[in-house]
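Single-structure report; data block below.
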Amino acid sequence: MSDVAVRLAGVRKSFGPKTVLAGIDLEVRRGEFFALLGPSGTGKTTLLRLLAGLEVPDAGTVLAAPRRTTVYQEPRLVQARRVLANVTLGLPRSSRDAGRRALAEVGLAGHERAWPATLSGGEAQRVALARALVRDPQVLLLDEPFAALDALTRLQMQDLVAELCARHRPAVVLVTHDVDEALRLADRVAVLRGGTFADDREVGLPRPRDRDDPALADRRRALLSHLGVEPASALTPDPH
């Protein structure tokens, strides 16, 4: 696949009478951060599950680099295991040092023997991220990993993921409902509607990105339009 880490060609997927993916073509290169937006029920998570190998397409081909890891909205930690054991779950004991390094990378050095129940929501999600990174993924799949976090923690986690992905250079596929999150993190943003991509374009702006940059505002308006949201109303402050 050369430098292409993910390739979908003519991928179709239906559940009963409902077609959620209607001939999807997609390439994501190594080191590229790709964000996928779309209304609920449009097939975003199905596409991610296809890339993770948890679903098979009805038609078309799905090719992805073999080392793939997924970070979900919920940390999915094993409560009966300590933090380091959660990070290295399923790996040989020789991976414990790598697990400690991964925890240090996500800002949790010294938490190796903590129990999951003692962690905040943000800390638990950092453990989930360390568990993904310790496997040295070629493809990192992010299924709304910040959705359950408070606003400040969410921004901090976005910054952390951006830093780690820039360092490790996996191909990243992020599923999110948050237009600003996609524009803040991604090299490319696509909108999935009606089983196909209504839009797929480069963000093309240097990082860090200023929310008030007029060029970013133009991209936000275009994405909201593809999502069926009237941009003016979406940006009008709530008087309450």
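The values are calculated or read from the model by the stated rules, or taken from the named source; none is laboratory data. Here the structure is a predicted model, which is why all the values come from computation and not from measurement. Counting neighbours? That spans all protein chains shown, and the Cβs are built from the backbone with ideal geometry, glycine included.
Points to keep in mind about this one:
- Single match in 130, 198, 148 (criterion: in a helix (DSSP H, G or I) and not acidic (Asp, Glu)): 130
- Failed criterion for residue 106 (all others in (1) touching a Ser or Thr at 6+ places or on another chain (Cβ under 7 Å); (2) surrounded by 21 or more Cβ atoms within 10 Å (Cβ to Cβ) hold): (1)
- Of the residues screened, residue 40 is one that is exposed (fewer than 14 other Cβ atoms within 10 Å of the Cβ) and of a type in the set (Gly, Ala, Ser).
- Test for residue 67: is it surrounded by fewer than 17 Cβ atoms within 10 Å (Cβ to Cβ), over 21 Å from the mean Cα position of the chain (by Cα), of a type in the set (Lys, Arg) and at negative phi: no
- Candidate set: the range 170-193, residues that are farther than 18 Å from residue 70 by Cβ and part of a loop (DSSP other than H, G, I, E, B); chosen: the one modelled with the lowest pLDDT: 178
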